[in-house]
Amino acid sequence: MPPKQASGFQKRLKKQRTEESNKRQYGAMHKYVQIGSRDASDNQDLIDDNVDGDNMNIDGISDDDVVDDGVNDTYIDDTGDVLGGNVSVDSDEIDDTNLKNTRGDDDTDEINADNVNVDTPNANVHHVDIFDPRNWDRLRSEMIKALVEGGPKRDNSIKKGPKDKFSRRFSATFFTRVLPNNEKCDREWLVYSKELDRVFCFCCKIFKKGNTKSSLANEGFSDWTHVGTRLKEHEVGFEHLTNMATWFDMRRRLEKNETIDKVAHEQFEKERDHWMKVLLRIISVVKFLAKHNLAFRGTNEKLHVESNGNFLGVIEMLEEFDPFIKEHVRRITSDEIHVHYLGHSIQNELIQLLAHGIRSQIIQKIKQEKYFSVILDCTPDTSHQEQMSLILRYVNVASACVTVEESFLGFLKVDDTTGQGLFDVTHDELKSLDLDIDDVRGQGYDNGSNMKGKHRGVQKKFLDINPRAFYTPCGCHSLNLTLCDIASSCGKAVDFFGVIQRIYTIFANSSKRWLILKNNVKGLTLKSLSITRWESRVESVKAIRFQLLEIREALLEVAEKDNDSKIKSESKSLATNELGDFEFLVSTVIWFDILSVVNLVSKKLQSDDMLIDIAIKEVEGLISFFEKFRDTDTSYSAEESFKVQYFLYIVDQALVSLRTRFEQYKEYEKVFGFLFTSHKLNSYDDNTLKSHCSHLEAALKNNEQSDIDAKDLFVELRLLNNYLPDENLGPLDILNFLKEHGIFPNAVIAYRVLLTIPVTVASA
């Protein structure tokens, strides 16, 4: 006969008995098994099982399982320091041996805290009550310290607990002990967990050593029928009394701040302070050497050894005056420490960290200001690897006073020097810096065909993507090429500079001849001609222009005293023929005047904050100089043939070259010229100003999107004229005025774009 089917009541009763049995056995294995920490690989498996994507949740923990009373909680940060408040940890932080759950199915999940990053973003944060006995397994010393300082916590509102199957339950009277003389005392050590419906011994739970069979020190006691007897037995036990003494002694020492680890903590703080100050000084040395562009290392990397480089040399100098560096060096030399942070690896790492921090700040400022210009210049290094320097120019409106800044971001390795290759490297770098190429409003390169080419140059590649990336050739390079055009256009000019170099070579190739020069020439020293920078040749011409007689005497003395017949002949020929020639004398005056003026303009254009309106004014002034210079009836124009064949020829060549090479500046003047000065802005009538605003809107448009609105800009500029002071203000002064008053946004954008356009690549 088949067994009789159990009724629903019998099934529920059986389930209830099973749950009660499991509940009593909860944690019982802890009495016989020492639970150790898992290694990282095991813990990672547990974390992977309980973490879903970016939302990390604790499986098996309900909202009712988390206590957040805001009073009895304590923060333990990731350094082990104890702070007031609730414990805020990520879901991965909680080890389930410290946090047990009593859901209906008594399932427990385990997540180890060793694999936890408490700063994980977007993680669910739970508040854990460390004063709940459920969380007292495998406590760290910092948590034990917090528990002892806070003491056992009781919820005085709980007078009785839920009834068990025998209708027995917890009562608050268990907290009171009746002595033989009928006096009553508080069982301070007794703690009740309402979530587990069990009582625990506070001191035995947190101070137990090894395995103990007492349920009050392990899973808790819930046999309410025999609880009175069990409490009496426990409170007179040797283990309990020992733990009580440990508890009270630790509490007393904490109150007097006399813990055993106090000295160790003070020593730790002292060491931490020492290393912090040492590292600050090391970083300062790195900053100093980098700022002054000094080499770090020498041929040796040991302290107090010759040729050990600037870095260790500065450390040795600081050792004489700074007590922290002195102590640090003492530890190194006495082999007390082996990690000293003075090696080349830490030097390189600190340089990279500082560079990364600076780059990050620069990029942050550029993103804030939106518009920027790209300035590039290529040059081979000592290993013949082509390097391209990247500089970004932007208007810093966020500073107290508006400034135009050019920031160097680094060297880019270049293998393909074609226009497409250079553009690809630049585009990839801007993308890696998270900068939008559509925000580029200016390009500044030299006059190389791969850079400025109208069809395949870098500037054309930029304009194909962003037509608002205005290209301007380098002003200084254009001036240099103008001088090259002048010198190469006339054979007499080539001969003139050849004589200048021959004079220098005779004296420079011999110390004896150089001494003769010094004895005769007391003022300016002869200079060699620069191969690339033509405007710098003014120094070479200047020495001869103002000391012609002294140099001639020196040449004659060399011709008389030198033993080399070739040098004697060369010196005598220069002294009697070239230096006495009319054309050479006139050429000296002409070239000195030309080079002086060009050099002066070139120096002005090399300024980091040079503005295009000022550059245009300087170039126009230079053209005006040549025009007046051409028409001047000078004393050295007596021989008409020389005047026509040489003087007028090179001046005309200068005018043609300047107008051609700076033609792009005039194009930008047509677009932005009405914004150059406040007086110029005020001089336009309404129709002309509207026309200029419309032209600017079209120039700043890309795919039907423009930086400004022409109609709004016209209204703002017309109103701006009524607010500007009477003195003539430049674009930078006007932008400062607009920023100060916080008005006219379209005008602010127009001036920001104008000031962003580069003039030279001198900073590269």
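The values are calculated or read from the model by the stated rules, or taken from the named source; none is laboratory data. Worth saying up front: this structure is predicted, and the values here are computed from it rather than measured. Here the Cβ is made from the backbone with ideal geometry for all residues, glycine too, and neighbour counts use every protein chain on show.
Key figures for this structure:
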quantity: Any hit, the range 186-197, residues being surrounded by fewer than 17 Cβ atoms within 10 Å (Cβ to Cβ) and touching a strand residue (DSSP E or B) at 6+ places or on another chain (Cβ under 7 Å); calculated: yes
quantity: Subset of the range 334-347 (residues that are in a helix (DSSP H, G or I) and surrounded by 13 or more Cβ atoms within 10 Å (Cβ to Cβ)); calculated: I346, Q347
quantity: Check on S407, in a strand (DSSP E or B), touching a residue at least 60 places away in the same chain (Cβ under 8 Å) and in contact with a Phe, Trp or Tyr (Cβ under 8 Å, 6 or more places away or on another chain); calculated: no
quantity: Checklist (1) under 25 Å from the mean Cα position of the chain (by Cα); (2) not in a loop (DSSP other than H, G, I, E, B) applied to S399, failing item; calculated: (2)
quantity: Members of the range 181-198 that are assigned to a loop (DSSP other than H, G, I, E, B), touching a residue at least 24 places away in the same chain (Cβ under 8 Å) and at negative phi; calculated: R187, E188, W189, K194, E195, L196
quantity: All helices (runs of 4 or more DSSP H) inside the range 456-553 with 3 or more residues being surrounded by fewer than 21 Cβ atoms within 10 Å (Cβ to Cβ), within 46 Å of the chain's Cα centre (by Cα) and modelled with pLDDT of 85 or more; calculated: 458-465
quantity: Residues being outside any helix (DSSP H, G or I), more than 23 Å from S530 (Cβ to Cβ) and of a type in the set (A, V, I, L, M, F, W, C) - total across the range 572-603; calculated: 0
quantity: Lone qualifier among I325, I282, I351 - being assigned to a helix (DSSP H, G or I), in contact with a Phe, Trp or Tyr (Cβ under 9 Å, 6 or more places away or on another chain), at pLDDT 90 or above and buried (at least 19 other Cβ atoms within 10 Å of the Cβ); calculated: I282
quantity: Residue in the range 241-249 that is over 15 Å from K145 (Cα atoms) and within 46 Å of the chain's Cα centre (by Cα) present; calculated: no
quantity: Candidates L717, L681, L732, L755, filtered to the one that is assigned to a helix (DSSP H, G or I) and either over 39 Å from the mean Cα position of the chain (by Cα) or of a type in the set (D, E) (or both); calculated: L681
quantity: Residue within the range 410-425 that is buried (at least 16 other Cβ atoms within 10 Å of the Cβ), under 27 Å from R537 (Cα atoms) and at pLDDT below 90 present; calculated: no
quantity: Members of the range 554-567 found to be part of a helix (DSSP H, G or I) and over 59 Å from the mean Cα position of the chain (by Cα), listed by number; calculated: L556, E557, V558, A559, E560, K561, S565, K566, I567
quantity: Residue identified as free of Cβ contacts under 8 Å to residues at least 40 places away in the same chain and outside any strand (DSSP E or B) among P162, P152; calculated: P162
quantity: Qualifying positions in the range 735-752 - at pLDDT 90 or above and in a loop (DSSP other than H, G, I, E, B); calculated: F744
quantity: Residue in the range 313-322 that is in contact with a Leu (Cβ under 8 Å, 6 or more places away or on another chain), among the acidic types (D, E) and assigned by TED's automatic domain parsing to the domain that holds H274 present; calculated: yes
quantity: Condition check for R177: at pLDDT 85 or above and not in a helix (DSSP H, G or I); calculated: yes
quantity: The range 297-322 - residue that is acidic (D, E) and outside any helix (DSSP H, G or I) and, of those, nearest to I346 (Cα to Cα); calculated: E301
quantity: Boolean, E219 is over 22 Å from V178 (Cβ atoms) and in a helix (DSSP H, G or I); calculated: no
quantity: Residue match in the range 363-378 (condition: more than 21 Å from E663 (Cβ to Cβ), assigned to a helix (DSSP H, G or I) and of a type in the set (K, R)); calculated: yes
quantity: Test set (1) free of Cβ contacts under 8 Å to residues at least 12 places away in the same chain; (2) touching a His at 6+ places or on another chain (Cβ under 9 Å); (3) closer than 21 Å to E20 by Cβ; (4) not small (G, A, S) - W275 fails condition number; calculated: (3)
quantity: Test: F248 is assigned to a helix (DSSP H, G or I), in the same structural domain as E327 (by TED's automatic domain parsing), out of contact with any Phe, Trp or Tyr (no Cβ under 6 Å at 6 or more places or on another chain) and surrounded by 11 or more Cβ atoms within 10 Å (Cβ to Cβ); calculated: no
